[in-house]
Amino acid sequence: MPAERVIACNDLAYAINDSFPVTPGHALVIPRRHVQDFFGLCDEELLACNRLLKALRASITERDGLVEGFNIGMNAGAAAGQTIFHCHMHLIPRRHGDVENPRGGVRHLIPGKGFY
């Protein structure tokens, strides 16, 4: 990863802005060690990724007062939509009104499961 793309890092993980953001501020947290998905991370890597997620959240909410929520997403396996087979976590800032009805959040991945 080119250093100029990195927006935050620690010894075991780094963060970049998503190349195809869902919302402004959408970032990816990526472990340095190659593992296929979330389930391959060791406990130390999980903690390192979590620290970056929290730091990014703080930075985003400080910069953008309209952000009032977040989605955190990980795709594990082709059936779940994973297309890049190196673990990465999406941090997606959410603002009131960015969709008509956000109820159900990630449940909207499968048609008909979002509104309950």
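Derivation of every value follows stated rules applied to the coordinates shown; laboratory data play no part. From a predicted model like this one, the values you see are computed outputs, not experimental measurements. Please note: Cβ atoms are built from the backbone with ideal geometry, for glycine as well, and neighbour counts cover all protein chains shown.
In this structure, residue 107 qualifies as outside any strand (DSSP E or B) and either hydrophobic (A, V, I, L, M, F, W, C) or surrounded by 12 or more Cβ atoms within 10 Å (Cβ to Cβ) (or both).
Of the residues 103, 95, the single one that is touching a Gly at 6+ places or on another chain (Cβ under 9 Å) and free of Cβ contacts under 8 Å to residues at least 24 places away in the same chain is 103.
The conditions of being of a type in the set (A, V, I, L, M, F, W, C), free of Cβ contacts under 8 Å to residues at least 60 places away in the same chain and surrounded by 13 or more Cβ atoms within 10 Å (Cβ to Cβ) are met by residue 76. Quick one: would you say residue 28 is more than 12 Å from the chain's Cα centre (by Cα) and of a type in the set (A, V, I, L, M, F, W, C)? For residue 28, the condition - more than 12 Å from the chain's Cα centre (by Cα) and of a type in the set (A, V, I, L, M, F, W, C) - is not met.
Looking only at the stretch 7-24, residues that are among the aromatic types (Phe, Trp, Tyr) and touching a residue at least 12 places away in the same chain (Cβ under 8 Å) come to 1 in all. Residues that are within 20 Å of residue 13 (Cα to Cα), surrounded by fewer than 16 Cβ atoms within 10 Å (Cβ to Cβ), among the acidic types (Asp, Glu) and touching a strand residue (DSSP E or B) at 6+ places or on another chain (Cβ under 8 Å) within the stretch 40-73 are absent altogether.
Checked against (1) more than 24 Å from residue 104 (Cα to Cα); (2) under 11 Å from the mean Cα position of the chain (by Cα), residue 35 passes all but a single condition, namely (2).
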